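Novice: Got a structure for you, written out below as structure tokens; questions coming shortly.
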Amino acid sequence: MEYISTPEAAKKWGISERRVQKLCEENRIPGITRISRMWLIPKDAEKPKDGRLKNKVNSKSITIESVVSQYGQYVYNLALKLSANPENAEDLAQETLIKAWKHLQDINDTSAIKNWLRTICINEFRMMLRKEKRENVCFVENIEDLESDSMLLVDVQPLALDEIQTTEEVGKLRDGCFLAMTQKLSLNQRLAFSLIDMFGMSLKDVAEILELTPKAVKGLLYRARMNLDSFFQGHCSFLDINNPCKCTAWIDFLQTRNSLQEVMEQTLDYKKAGYVFDPKVRQKILHYYTDMPSQKPSQEWFDKVILLVRNFYK
């Protein structure tokens, strides 16, 4: 019998290598064999059907209005947590919904629509960053080093803080600052942190999306958290009133523009900063990230997306 490798099967069936490995692990491909850590798949094997697929979408009964109304805010908030920029989030969510509508009839399970939209949004985000050709997007961490760092990840729960009384303007600025600093992470660190700590996804699901081992994703999460901790612990007055960076000082942007631009040009690296893990700092920072309020785009945005989809697929 002739065999093909996992990458060859992934290319043949149009799915990720991680998905092929999972199918092998679940013993859903007849005739497979394993040599050491490598799966061998019969060359004539057919792609297994997904037994989870139920409740096929009725394309005649669904409208673009219902899709945008039901999932628009979900997609927008995912796009915002990934891009950390409201304008980019609107564009990213818009492109996601436009592409999704084209292939909606291919979805075999109504319960899978949200996960499907999430995958499209993440892929669109990756393409957006590649077009920008940002330096830290191209940085790829060593898998063995990541898996080693996974052993250092400490399970710390967010700490409910006694909220400091702030104006709405300052609260929005604080949330915007916390979002913006995720842009200073490498691409995979940013994805792991945003999807797990801000969007509440499981480690297992994120590993499948990034096509990495769960240990490698834990390593990414460890590095992302340490990088953010090391920056905020010595800067943000919401963590320590004695810290120098106070949101009220940033309201007058024209007077502080140069300092702000200097901060935003930094790439976070806790090792260079000599930061040592502090569980109390971690608890406070996770509180602000996990409790960040959901945002809703304007009605004009919803109307614009509906109009664009209609015109695009006339």
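The values are calculated or read from the model by the stated rules, or taken from the named source; none is laboratory data. Please read all numbers here as calculations on a predicted model, not as lab measurements. Note that each Cβ is placed from the backbone with ideal geometry, even for glycine, and that neighbours are counted across all protein chains shown.
Novice: Hey, could you check segment 20-76 for residues that are charged (D, E, K, R) and under 20 Å from residue 306 (Cα atoms) and say which is modelled with the highest pLDDT? Full working, then the answer.
Specialist: In the first step, residues of segment 20-76 are kept if they are charged (D, E, K, R); the result is 22, 25-26, 28, 34, 37, 43-44, 46-47, 49-50, 52, 54, 56, 60, 65.
Now narrow it down to the ones that are under 20 Å from residue 306 (Cα atoms): 60, 65.
Details: 60: 54, 65: 85.
Ranking the candidates gives 65 first.
Yes or no, residue by residue, for (1) modelled with pLDDT of 70 or more; (2) among the β-branched types (Val, Ile, Thr):
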residue	(1), (2)
130	yes, no
160	no, no
163	no, no
170	no, yes
177	yes, no
184	yes, no
190	yes, no
199	yes, no
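Novice: Modelled with pLDDT under 80 and surrounded by 13 or more Cβ atoms within 10 Å (Cβ to Cβ): is that true of residue 301 in this structure? Let's see the steps before the verdict.
Specialist: Values: modelled with pLDDT under 80: no; surrounded by 13 or more Cβ atoms within 10 Å (Cβ to Cβ): yes.
No; evaluated as a whole, the condition is false for this residue.
Novice: Looking at segment 179-201, can you tell me whether even one residue there is surrounded by fewer than 19 Cβ atoms within 10 Å (Cβ to Cβ), among the charged types (D, E, K, R) and touching a residue at least 24 places away in the same chain (Cβ under 8 Å)?
Specialist: No, segment 179-201 contains no residue that is surrounded by fewer than 19 Cβ atoms within 10 Å (Cβ to Cβ), among the charged types (D, E, K, R) and touching a residue at least 24 places away in the same chain (Cβ under 8 Å).
Novice: Continuing with this model, one more query. I need a count of the residues in segment 1-11 that are over 27 Å from the mean Cα position of the chain (by Cα) and at pLDDT 85 or above.
Specialist: First pass over segment 1-11, keeping only residues over 27 Å from the mean Cα position of the chain (by Cα): 1-5, 8.
If we keep only those that are at pLDDT 85 or above as well, we get 2-5, 8.
Here the count works out to 5.
Novice: Residue by residue through segment 288-298, note down the ones that are touching a residue at least 24 places away in the same chain (Cβ under 8 Å), part of a loop (DSSP other than H, G, I, E, B) and either surrounded by 15 or more Cβ atoms within 10 Å (Cβ to Cβ) or of a type outside the set (D, E, K, R) (or both).
Specialist: Start the filter on segment 288-298 by keeping residues that are touching a residue at least 24 places away in the same chain (Cβ under 8 Å), which leaves 288-297.
Still in the running and part of a loop (DSSP other than H, G, I, E, B): 291-297.
The answer is 292, 293, 294, 295, 297.
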